[in-house]
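Heads up, the thing below is written out as structure tokens.
Read the figures in this text as sums done on the coordinates, not as results from a lab. What you see is a predicted model, and the numbers here were worked out from it, not measured in a lab. As a convention, Cβ positions derive from the backbone with ideal geometry for all residues, glycine included, and neighbour counts pool all protein chains shown.
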Amino acid sequence: MKVTFLYFLLLVSSFNVASFDENINKIKLPELGDRVSGAVSSAQEKAIGERFLQQVYSQAPIISDPLIFDYTEYLIYRLSEYSQVKDRSFTLLLIDDPSLNAFAAPGGIIGVNGGLFLYSDNEGQFSSVLAHELAHLSQRHFARNVLKSQDSNLASALVMVSSIAIALISNNPNAIAVGPAILQSQSLRYSRLFEREADRVGFDNLVKAGYHPDSMGEMFENMNEIRRLSGDLPPEFLLTHPLSSSRISDAFNAAENLSSEGTKRDSLEFSLMKARLEIYYENIPSNSLRNFKERFNENPSDSNKYGLALAYQKNNQYKESIALIENLISLYPKNLVLNNTKIDILLDYGEYENALNLANEFLEISPRNYPLSISKSKILLAMKKYFESEEIIRDQLLRKNSNPELWLLLSEIQRSSKNIIGYHQSRAEYFLLLGQNERAVNQLEFALKLVQNNFQVADRIMTKIIDIKDKINESRGL
């Protein structure tokens, strides 16, 4: 895996644990001007990011939890308001992996492992990692690496990024071809510089966003504890980029003279998201119920109560689950996460009308809210109200057209409603986002056979097939 992460540092800057060689306050940021844009334009970074996305979507398991997605996406955008990112258009990847990791890729892509929630004690620590990744994007570290390398051929960079995505997700370092020796010798040196830079910029922006100045240092301490407990087999993330004591001390030194008055460390929402993932990663439902019962008895906190409610739901004990959620809602009556969770429990319990009424009530307060909309669509699907269910997903696709999960859900709704032509078209869009163009063509050809005398639809499908085949031939150099 060392080769994997060496190239990953070169082309897709990640939150790693390279050491602080210099005092965090002594780092001087470079002028980011025409030379960087001349090496890689923003449009070219987006094109590379799109290729990276396709590889990740096709290789990586993704967490399909609208509540966790919405929370993380909102937090990224809020933190970005205090960053120097010019194009605040992000694509969030929630990677289904319980290990600690996060990364930033060209084109505004931010990846977060589920494990980042598990290893963060509070929202401040979690946000310190996101702030670090936003700093990689704002300082255009990918473009600057291309500028500094002797091989600034973007075509080869595009291929390399694709290989990195495969290696990153499949845990297969052999997926990456060995590149020029000059890149191997320079990549680590540049990554250390960029990591220090991302720490400094991320720290400043984290404090501006209102978080406790110690949050970043505390997160580093958590990483150090992971390294200590892992013994001879530490996570590859820590093995290839050892965490030095100076990086921890420098982070705390930077925070030492800053006032913590009025700052925050945590939020209710973060603790709820962490509980959701703790339940998610426990494969045996009875274990999650036993664990959260013990935790709740020792500490009846809101997050433990929420986790216990989810554990009851996972064990099909819906009355107990609803009772706990309603108790929390009595404390936080307007909290969307808690009310959305109650909606989902009612859906699982088969209480469709009650779930639908509650979803409608909160959609009036928060129109088009992503998690609420997904829940309402699933309720209507369960009630066999296919047209209304499909309309909600189509409305979400107006803003999240590049979300493969939405296209997949739409295809399932259409299959249930016997709209087989629509099913194949939606599946084609899903495969296109995964970069699986030939499978997309197959789906459209199935749809074309079913169109019969609807010439307008047939022409639209045929045009799409031709466009995709042209792209396939272009990628093959034909």
All lysines inside 16 Å of residue 449 as judged from Cα atoms, apart from same-chain residues fewer than 8 positions distant: 418, 464
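Just need the relative contact order of segment 282-333 here, percent rounded to a whole number, with Cα pairs under 8 Å and 6+ apart.
Values: 38 pairs, mean separation 16.4, N = 52.
Relative contact order for segment 282-333 comes out at 32 percent.
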Using a Förster distance of 22 Å, the FRET efficiency for residue 476-residue 451 (Cβ separation, nearest 0.05): 0.20
Karplus 3J(HN,Hα) series, Hz, for segment 457-466 with 6.51 cos²θ - 1.76 cosθ + 1.60 (x for Gly, Pro): 5, 4, 5, 5, 5, 5, 4, 5, 4, 4
Selection of GluC sites (Glu not before Pro), segment 250-312, meeting DSSP coil and at most 15 other Cβ within 10 Å: 261
Percent of Cα pairs exceeding the 15 Å cut-off, where the set is segment 94-144: 45
For segment 282-333, convex hull of alpha carbons as volume per residue, Å³: 64
Taking 469, 342 and counting other C-beta atoms within 10 Å, the order from fewest to most: 469, 342
Directionally averaged projected area (convex hull, Cα atoms, segment 419-478), nm²: 3.8
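Of the GluC sites (Glu not before Pro) in segment 38-121, which ones lie in a loop per DSSP and count no more than 13 other C-beta atoms within 10 Å?
81
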Computed over segment 281-370, Cα set: Rg, Dmax in Å: 13.4, 39
Two-site FRET efficiency, residue 323 against residue 301, from Cβ-Cβ distance with R₀ of 22 Å, rounded to 0.05: 0.80
q = 0.14, 0.19, 0.20, 0.27 Å⁻¹: log10 I(q)/I(0) that the Debye formula gives for segment 387-462, counting C-alpha atoms only: -0.42, -0.78, -0.86, -1.26
Span per principal axis, largest first, for the Cα atoms of segment 254-319 (Å): 50, 21, 18
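What per residue convex hull volume, in Å³, do the alpha-carbon atoms of segment 335-418 yield?
85
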Candidate lysines - alpha carbon under 27 Å from residue 274, same-chain residues fewer than 8 apart omitted: 208, 264, 293, 305, 314, 319, 334, 342, 376, 378, 400
Euclidean distance of C-alpha centroids, segment 249-284 and segment 398-463, integer Å: 42
Least to most buried among 203, 194, 270, 455 (fewest other Cβ within 10 Å first): 455, 194, 270, 203
Environment charge at residue 62 (Cβ cut-off 14 Å; Lys +1, Arg +1, Asp -1, Glu -1): -4
Proxy reagent accessibility, fewest Cβ within 10 Å first, across 212, 132: 212, 132
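Efficiency by 1/(1 + (r/R0)^6): what FRET value for residue 366 and residue 332, r their Cβ-Cβ distance, R0 = 22 Å, to the nearest 0.05?
0.90
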